Amino acid sequence: MLEYLGKLSDKLGLPIVSSDHGYKIDIVIGWVHWLMILLFVGWGIYLIYAIFKFNNKSNPAASYGGIKSHFSQYVEVGVIVFEAFLLVGLSLPLWSQLKTNIPDKKDVHEIRVVAQQFAWNIHYPGADGLFGSTSPSLVNEESNPVGLDRNGFGADDIVTINQLHLPVNKQVLVYLSTKDVIHNFFLPEMRVKQDAIPGMQIPIYFTPTMTSKDFLQMLKGTAREGQGYEIACAQLCGNSHYRMKGYVTIETEQEFNDWLAEEAEYLDEEGDDDWDDDW
Ligand SMILES: [Cu+2]
């Protein structure tokens, strides 16, 4: 039933769902809109009714008694019940599932995403599975945008700019942070949207369920044909906010590992990241 409602998202004009929790977000969006349509139509009808019913011609003298019917109270109680259902029945369970039920680290694929004006730095832990330490003093906007310490665990880490690669059907844990102002990490098809707040490292997790290849296949014949997954910045963050976007590639575990190996090879050869290739 819930899955079926999720499929309605296409018909409501929402992006294709490509994460396992996505359809639940769509259900909340759907219900909120049903309530809003109901209120909009109800208030519209009432406005027209009131204009005719209470105009000067039919009511030359003011009524000091007010209305006797309880109808408006019933409507108000109905709206409150509906809103309580939206909040307690749908939003809170979803919120707690997404935000408080952090998965075990060993079961997830971890990455760091560091936003900055106007790019997305993606930091992968490399073959050892551990992130190297970072420090603001090591930041070099040209060669080391995240300030990664290449000694120790950081030796094999991979950092890309605007290139997010993830394996399909595997839970991802993103540690989101920002180097300057507030940004917002938005993956529309994954139904992921989270502010990046200066001074905080915010965990977000989700499971992509459709590879970029399948996604592009589904877009064939639509206005978006040929445009794959993207990261958008959904928080006005400066004069070039509009061009702060990243590219997302969801691939099979094998393809993902091949890509990581390729990047690692490149790292060995160059001794540094391929940051300038991605601009
Ligand atoms: Cu931004």
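The values are calculated or read from the model by the stated rules, or taken from the named source; none is laboratory data. Just so it is clear, the model here is predicted, and its values are computed rather than measured. Note: ideal-geometry Cβ built from the backbone for every residue, glycine included; neighbour counts use all protein chains shown. Quick note on the areas: whole protein, heavy atoms, side chains included, nothing else; ligands and nucleic acids left out. Shrake-Rupley method; radii C 1.70, N 1.55, O 1.52, S 1.80 Å.
Here Lys57 meets each of (1) in a helix (DSSP H, G or I); (2) open to solvent by 90 Å² or more (accessible area, probe 1.4 Å); (3) without any contact (Cβ under 8 Å) to a residue 24 or more places away in the chain with one exception, condition (1). Only one of the numbered conditions (1) over 16 Å from His241 (Cβ atoms); (2) open to solvent by less than 50 Å² (accessible area, probe 1.4 Å) is violated by Asn169, and that is (2). Counting the residues of segment 167-200 that are within 12 Å of the ligand (Cβ to nearest atom) and without any contact (Cβ under 8 Å) to a residue 12 or more places away in the chain gives 0. Restricting the first member to segment 251-279 and to residues that are aliphatic (A, V, I, L, M), and the second to residues that are at pLDDT 90 or above, the beta-carbon pairs closer than 9 Å and six or more apart or on different chains are Leu260/Tyr124; Leu260/His165.
So in segment 204-248, with the set limited to residues that are within 20 Å of Val172 (Cα to Cα) and open to solvent by 40 Å² or more (accessible area, probe 1.4 Å), which one is nearest to the ligand (Cβ to nearest atom)? Of everything passing the filter in segment 204-248, Lys245 is nearest to the ligand (Cβ to nearest atom).
The one condition from (1) part of a loop (DSSP other than H, G, I, E, B); (2) in contact with a helix residue (DSSP H, G or I) (Cβ under 8 Å, 6 or more places away or on another chain); (3) more than 20 Å from Gln97 (Cβ to Cβ) that Lys170 does not meet is (3).
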